[in-house]
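Structure record follows, encoded as structure tokens.
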Amino acid sequence: MIKKIILAGLLSVLSFSVFAADKGEVFKLSYIEREPGTDEYEVTMLVSERYIRVDELGEDNGFIIYDDKTKTIFSVSHHDKSILVIKENVFSDDDLPVKPVVEYLQLADAPMVSGKSMFNYRVFVNAEKEGVEETCIEVQLVEGLLPEVRKILQNYQKVVSGQQAKMTNNEITEMQTACFFVDQIYNLGEYYEKGLPVQEWRSNERSKILTDYKKISVDLNKFKLPEDYRQFSIGADSKTFIK
């Protein structure tokens, strides 16, 4: 079942012209994110040709930098002056212990965004009870919008999932459900190949809404890492999962 679209105030901010990029121009994407047990919070992503920077507004605990050239994520913590380094782990979903199904449908009643149509991209698995489906991922996206931004966002998702896949035992349990593997472990971000997501729902009850995007000029030092912070990596036997 397709979830209700929240488009109030969204169409007006998703109609920006794309200006010619220069040295200091990046895309700024703004989101409202929700997860169980916490108040909703705002997150911004600065996306250049090579880097992504992720910040939670109102928090000064740190930030995330993704370097697409080296396929590496750097999670910076100001609290202990450390940087968690997550390098690319190339993986395949061939080891996925369940066979997911993708449903891709145009949202016929949805208005056009920047002259492009909206679609619903849903990934689900068939539950043990016959005829029952369990939705693992549901994304509402604008088809064909911002391909240069979508490509680096997908690469970032692959590095996150590669870290998870490196640590999994591929055993479905009460805690590690089929959707857990589809959504949080072997998520290759194929929906980015279709379009730019404006709303996302996850099986772990996390969700996000794109509220604004625009081209802005920034100081490119924002993509630099603190030079005096300690860097470390997660071992293959760690059970720490990345959000």
With a cap of 12 neighbouring Cβ atoms within 10 Å, and only residues DSSP puts in a loop, list the GluC sites (Glu not before Pro) found in the stretch 106-153. Glu128, Glu130
Could you line up Ser161, Ser217, Ser114 from fewest to most neighbouring Cβ atoms inside 10 Å? Ser217, Ser114, Ser161
Relative contact order, percent, of the stretch 160-233 when contacts are C-alpha pairs under 8 Å separated by at least 6 residues? 21
So how strong a dipole does the chain carry about its Cα centre when Lys and Arg Cβ are +1 and Asp and Glu Cβ are -1, to the nearest 20 debye? 660
Say each of Glu227 and Thr70 gets a label point 7 Å from the Cα, pointing the same way as Cα to Cβ; how far apart are those two points in nm? 1.5
From the cross-link list Lys81/Lys194; Lys71/Lys99; Lys99/Lys224, the entries with a Cα-Cα span beyond 31 Å are Lys81/Lys194; Lys99/Lys224
Separation between the Glu35 and Glu88 pseudo-spin-labels, each 7 Å from Cα along Cα→Cβ, expressed in nm? 2.6
Which loop-located trypsin sites (Lys or Arg not before Pro) does the stretch 63-164 contain, where loop means any DSSP state but H, G, I, E or B and the Cβ has at most 14 other Cβ atoms within 10 Å? Lys69, Lys81, Lys129
For the chain, calculate the relative contact order in percent as a whole number, restricting contacts to Cα pairs under 8 Å that are 6 or more residues apart. 25
To make sure I understand the rule: partners must be aspartates and glutamates, Cα under 12 Å from the Cα of Lys116, and not fewer than 8 residues away in the same chain. Which ones qualify? Glu143
Rank the residues Cys179, Cys136 as a footprinting-exposure proxy: fewest other Cβ atoms within 10 Å of their Cβ go first. Cys179, Cys136
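Quick note: the coordinates plus some simple rules give every number you see, no bench work behind them. All of these numbers come straight from a predicted model, not from anything done at the bench. FYI the Cβ positions are ideal-geometry reconstructions off the backbone, even for glycines, and counts take in every protein chain you see.
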